[in-house]
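Some notes on the structure that comes next.
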């Protein structure tokens with residue numbers, strides 16, 4: 001499955017949940033869910049009852065679009081989660097949360113995960129003092145993520161330890177750095193996805 005280049009707001013409307021794909025627009029009254037909280041297409045057509053396979057597929061797609069990853073990456077993370085100790089669904093979400101682009105977004109750098117991914121790819125961040133420009137880099141417990149440099153550009157970039165920063169990240173806005181205090185737990189991950197259905201999708 002390739003990169004999706006279609007209307008992003010339709011994805012949220014189809015799933016009837018905010019996936020925060022358009023940054024600050026999703027927090028405003030312009031959000032498509034706020035304006036048209038119904039599935040796209042003809043409103044006169046009665047929607048078909050979704051099957052069990054359809055439910056699992058929808059949850060997998062929600063996870064994919066929420067973090068902005070490819071189908072191949074999800075399969076790789078699933079195999080790693082399946083082989084790790086603990087609950088497979090929790091391990092899967094932990095892998096997604098610990099992606100460097102997601103960590104940067106959680107710290108308030110960029111208005112969306114797509115923008116944070118571009119900032120990381122442009123070489124603005126270091127992990128443990130080493131330059132890292134790979135958005136899919138997985139941070140570990142104890143890692144120090146720091147802002148290396150910031151040139152003027154098209155990005156809305158800040159490092160403010162914004163409200164909502166998860167407890168597993170300890171932010172130091174003055175030093176423009178944050179440390180991974182511990183691996184993220186399920187109750188610290190605010191993802192609108194039923195991960196067990198995703199596990200069932202790939203276990204079939």
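Only the coordinates and a few stated rules stand behind these numbers; no lab work does. Keep in mind the model is a prediction, meaning the values are calculated, not measured. Glycine also receives a Cβ, built like all others from the backbone with ideal geometry; neighbour counts cover every protein chain displayed.
Key figures for this structure:
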quantity	calculated
Subset of the range 103-129 [in contact with a helix residue (DSSP H, G or I) (Cβ under 6 Å, 6 or more places away or on another chain) and within 17 Å of residue 64 (Cα to Cα)]	105, 112, 113, 116, 117
Residue count for the range 97-112, restricted to those that are over 13 Å from residue 147 (Cα atoms) and in contact (Cβ under 8 Å) with a residue 60 or more places away in the chain	5
